[in-house]
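To start, the structure under review is shown below, and the notes come after it.
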Amino acid sequence: MSASDDMKNTSEKLVGKGKEAVGDATGNDRLKAEGKTDQASASVKQGAADVKDAAKGVADSFKD
């Protein structure tokens, strides 16, 4: 995974935290839920990328 993708996922997670905080502070349940969804989405993307990187490392270890 590229550093660019890592930054995008981290950014998406931070935006989600911000939305959740604003939603909580203003009593806007929709915005709060949207923030939580953004965070979960970013975590899933990061997890998938980590698995892909680990699999690539295993595959590379079998090469000459």
Scanning region 36-63 for residues that are charged (D, E, K, R) and exposed (fewer than 13 other Cβ atoms within 10 Å of the Cβ), the one farthest from Ser4 (Cα to Cα) turns out to be Lys63
Single match in Ala33, Ala25 (criterion: part of a helix (DSSP H, G or I), out of contact with any Cys (no Cβ under 9 Å at 6 or more places or on another chain), free of Cβ contacts under 8 Å to residues at least 12 places away in the same chain and surrounded by 13 or more Cβ atoms within 10 Å (Cβ to Cβ)): Ala33
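Values quoted throughout were computed directly from the atomic coordinates according to the rules given, and no laboratory measurement underlies them. Source: prediction; values computed, not measured. Note that we place each Cβ from the backbone using ideal geometry, even for glycine, and neighbour counts take in every protein chain shown.
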